Amino acid sequence: MTKFILIGLVILVVIGLYLISVYNRLRRLKLGVKESFAAMDVFLKKRYDLIPNIVAAVKGYADHERGVFEQTAEARSRAMSAQTDEEKIRANAALDDSINQLIITAEAYPELKADGGFLRLQQQLEAVEKDIANSRLYYNGNVKLYNSNIQTFPQVLVAGPFGYTEEPFFEAGAGERVATQVFGDES
């Protein structure tokens with residue numbers, strides 16, 4: 001009788017250790033997703049800071065393009081005030097589209113493309129956009145790993161009861177899926 005109790009206790013201990021191991025792995029993966037989003041958020045904030053300067057530079061040459069400026073300012077405001085990661089992802093997709101419209105507007109003004117201040121802003125924006133793209137890849141890689149872990153057996157048995165849910169991917173906005181020429185890169 002004691003032999004069966006001992007075997008039962010060993011089995012319970014093994015199952016308990018396994019559940020703890022799965023829980024800790026899911027926790028680490030979730031923290032990896034949050035950390036990678038926070039890293040990307042730094043670059044998104046840099047972009048938010050650049051946008052008013054770029055709008056002001058373009059506005060100086062194309063004041064009659066008011067709709068583009070208002071759309072960009074509104075999209076920036078929504079992106080900056082977004083609270084959840086999902087809201088930030090949606091708002092930044094709209095901001096990406098607005099920035100592309102602003103770029104298209106700027107391309108119509110050759111004197112603007114020759115302005116030294118504007119060229120510096122353009123280079124800063126290009127660098128920040130590359131950083132955002134790299135951060136997005138890192139974030140999406142972490143999301144893929146996390147989401148696949150919470151959806152596969154046997155982790156799914158632990159994930160559900162402990163409230164682990166899918167994280168959203170940070171996908172390219174509609175404007176980013178089209179190859180837009182950045183501020184007169186004429187090759």
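The values are calculated or read from the model by the stated rules, or taken from the named source; none is laboratory data. Treat the numbers as computed from the prediction; the structure is a model and nothing was measured. Counting neighbours? That spans all protein chains shown, and the Cβs are built from the backbone with ideal geometry, glycine included.
Can you confirm whether K59 is modelled with pLDDT under 95, assigned to a helix (DSSP H, G or I), more than 12 Å from the chain's Cα centre (by Cα) and not small (G, A, S)? Don't jump to the end; show me each part of the working.
Details: modelled with pLDDT under 95: yes; assigned to a helix (DSSP H, G or I): yes; more than 12 Å from the chain's Cα centre (by Cα): yes; not small (G, A, S): yes.
Yes; evaluated as a whole, the condition is true for this residue.
What's the total number of residues in the range 158-180 that are at pLDDT 90 or above and of a type in the set (A, V, I, L, M, F, W, C)? Write out each step before concluding.
Residues of the range 158-180 that are at pLDDT 90 or above, as a first pass: 158-170.
Those left that are additionally of a type in the set (A, V, I, L, M, F, W, C): 158-159, 162, 169-170.
Here the count works out to 5.
Residues that are among the acidic types (D, E) and without any contact (Cβ under 8 Å) to a residue 12 or more places away in the chain were ranked within the range 37-73; the one that is surrounded by the fewest Cβ atoms within 10 Å (Cβ to Cβ) is D63.
Here I20 fulfils each of the conditions (1) over 30 Å from F169 (Cα atoms); (2) loosely packed, with under 14 Cβ neighbours inside 10 Å apart from (1).
Conditions (1) out of contact with any strand residue (DSSP E or B) (no Cβ under 7 Å at 6 or more places or on another chain); (2) modelled with pLDDT of 95 or more; (3) under 28 Å from E166 (Cα atoms), marked per residue:
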{"site": "I89", "(1), (2), (3)": "yes, no, yes"}
{"site": "D97", "(1), (2), (3)": "yes, no, yes"}
{"site": "I103", "(1), (2), (3)": "yes, no, no"}
{"site": "E107", "(1), (2), (3)": "yes, no, no"}
{"site": "L112", "(1), (2), (3)": "yes, no, no"}
{"site": "F118", "(1), (2), (3)": "yes, no, no"}
{"site": "V143", "(1), (2), (3)": "yes, yes, yes"}
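Considering K3, K34, K30, K59, the condition of being in contact with a helix residue (DSSP H, G or I) (Cβ under 9 Å, 6 or more places away or on another chain), more than 24 Å from E166 (Cβ to Cβ) and not hydrophobic (A, V, I, L, M, F, W, C) is satisfied by K59 alone.
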